[in-house]
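The values are calculated or read from the model by the stated rules, or taken from the named source; none is laboratory data. Being a predicted model, the structure only gives us computed values, none of them experimental. Reconstructed Cβ throughout: ideal geometry from the backbone, glycine too, with neighbour counts over all protein chains shown. When the accessible area is computed, the model is the full protein with side chains, heavy atoms only, and any ligands, DNA or RNA have been set aside. Shrake-Rupley method; radii C 1.70, N 1.55, O 1.52, S 1.80 Å.
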Amino acid sequence: MVKISVKDTTVTVVQVNNADYICITDIARIKNPLEPKDVVKNWLRSKNTLLFLGLWEKLNNPEFKGVEFDSFMMEAGTNAFTMSPSRWIEQTNAIGIISRSGSKGGTFAHKDIAFEFSSWVSTEFKLYLLKEFQRLKEQEQLQLGWSAKRELAKINYRIHTDAIQQNLIPIELTQQQISIVYANEADVLNVALFGLTAKQWRDSNPNFKGNIRDYATINELICLSNMENLNAVFINEGQSQKERLLKLNRIAIQQMKVLQDVENRKMLK
């Protein structure tokens, strides 16, 4: 669940079956702050609304009950016709609208339907909603990209530690000694890229949780991923730790400059 601010109105967005659903009760508050559910019910009474909802369900929901929908269409438009989200959902088996009870509840609609509702409420509000929703999606994509690179760094680190196990750890070492070697080798990368060991970073940042890599930039994670692969190759070639540290530091400087230049060119476009 996330909340976005649209023209001083807080709108909730949730994920349901990997789809975005927007709280239309929140949107309705710009018309009726005290009884937003009445706004939603009035929208549902419209024949045009039911036509739109019925078509959306037929395109996206194989379990949609067409017979019940046809019955509603015959009644829609008359003075006596009323419709509520719960009635629509229960009698047609609709999935485009969901109703939640409780303090964090309300009526949520698939983004396609929510944008249609917001247009009915206010064309201006719909445009601002679209803008904020797009900004939310862009932020999610950036976070996804960062997470993917973080996972890639973890995978490459496993390759790195396997190379250490096969080439640097004699069979006679105890488990405690092995862990020390692993830590030392991790710090080869830390010093080459960040200029300090994991312990030095923790001592300098006592209030931070996690480790130095959790606070790395995307560019640093890209560089770290490349360095882990290269260090594994250098280890397999039998190069000393000191020799590898110097090489990796030169590589880190070069790659970070290239990545920064790429960012700068993007910003100038």
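Worth a mention:
- Number of the condition not met by SER119 [criteria: (1) open to solvent by 40 Å² or more (accessible area, probe 1.4 Å); (2) in contact with a helix residue (DSSP H, G or I) (Cβ under 6 Å, 6 or more places away or on another chain); (3) within 16 Å of ASP8 (Cα to Cα)]: (3)
- Elements of type helices (runs of 4 or more DSSP H) in segment 54-125, at least 1 residues being within 28 Å of VAL2 (Cβ to Cβ): 85-92, 111-121
- For segment 45-81, the set of residues classified as touching a Gly at 6+ places or on another chain (Cβ under 9 Å), more than 24 Å from ASN17 (Cα to Cα) and surrounded by fewer than 14 Cβ atoms within 10 Å (Cβ to Cβ) consists of ASP70, MET73, listed by residue number.
- Test set (1) within 28 Å of GLN15 (Cβ to Cβ); (2) at pLDDT below 95; (3) not aliphatic (A, V, I, L, M) - PHE108 fails condition number: (2)
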